[in-house]
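S.K.: Got a structure here, written out as structure tokens. Questions coming.
No lab work stands behind these numbers, since they all come straight from the coordinates. Keep in mind it's a predicted model, so treat the numbers as computed, not measured. Backbone-built Cβ (ideal geometry, glycine too); neighbour counts: all protein chains shown.
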Amino acid sequence: MDTKRKMRQLLKSKDYLFTFGIHNPMQAMIAEKIGFDFVYMGGHDTSVTLLGLPDIGLITETEMVTNAKNIARAVNVPVLADADTGYGNALNVIRTVQDYEAAGVAGIHIEDQVSPKRCGQVAGKMIIPIDEAVGKIKAAIDARKDANFIIMARTDAVTAVGGGLEEAIRRGKAYALAGADMLFCEFPGPDLQYPRRFSEGIHAEFPDLPLFFNYCTRFKWYESPEKFADIARLGYKVINISTAAMRVSMKAVWDYAADVLARQETGRNPV
């Protein structure tokens, strides 16, 4: 079974799925060996680790697709990947979908921010008009060759300038009508009132549509008493601990470097 069909099967057979954000093939291989069902390549972590640059639309489609291809080639589990805004308008989205699909990933998410975008957890985000965003989702659906390739629509409306929760729900419904296979809404946190109300609003009209939950490390969701199972009961099928591999590897390298600098050859053994 190819990974696109495998991801579709996982969505049908599992009560909920969870993983953590990775940004290179070795991390994906570790996740697969440990037993994770799929991996997620984030855009923020890829930009920071590949280029040393912040997530403000500086990384290119080619760089992101190449990284996704290397990850997908290294593992047999499905890879979902961040595709930012699709790297332009609806015409750019067509190429983006075709390139990611050819790279071997199982699906991507496309967000409704203006281009150049910025990290979903920072202030001052701007979103494009809803009609333009719907057109990009339709272009993505039409561009894929395999219907099992997942097109996930992301909205940043809750935390964007001039947005809000009701706007996010309105956009989510419009993206679902356009054919999106899954919805991803960026929330502030850690507070489940927004995720709960978004899920209720979407599932009132689209009860079977999978929702993606960004378990954001920046917003310290891990300090919340709610478990993954609690989030799943709100209607979220897929949960990702964003930027996790980047953060733990940064901490490990930082501690090792500081120890070697301080103690030279008596510094801690890296293995």
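S.K.: Which value in nm describes the separation of the simple spin-label points at VAL260 and ARG170, placed 7 Å from the Cα toward the beta carbon?
M.R.: For VAL260 paired with ARG170, the spin-label model returns 5.5 nm.
S.K.: For helix 90-103, report the angle its Cα long axis makes with the longest principal axis of the Cα atoms of the chain; keep it between 0 and 90° and round to the nearest 10°.
M.R.: 50 degrees
S.K.: Helix-only estimate, please: 222 nm mean residue ellipticity of the chain, summing -39500 (n - 2.57) across DSSP H runs of length 4 or more and dividing by its residues, to the nearest 500.
M.R.: -14000 deg cm²/dmol
S.K.: What's the angle, to the nearest 10 degrees (0 to 90), between helix 130-143's Cα axis and the longest principal axis of the chain?
M.R.: So the helix axis and the longest Cα principal axis differ by about 80 degrees.
S.K.: What residue among ALA153, ALA229, ALA168 shows peak mean-square fluctuation when the chain is described by a Gaussian network model with Cα springs under 10 Å?
M.R.: Its mean-square fluctuation being the largest, the pick is ALA229.
S.K.: Now for a separate question. Please list, ordered by chain and number, the residues whose modelled amide H lies under 5 Å from the amide H of ALA83; skip anything fewer than 5 residues away on the same chain.
M.R.: Amide H to amide H, under 5 Å and 5 or more residues apart or across chains, ALA83 pairs with HIS109.
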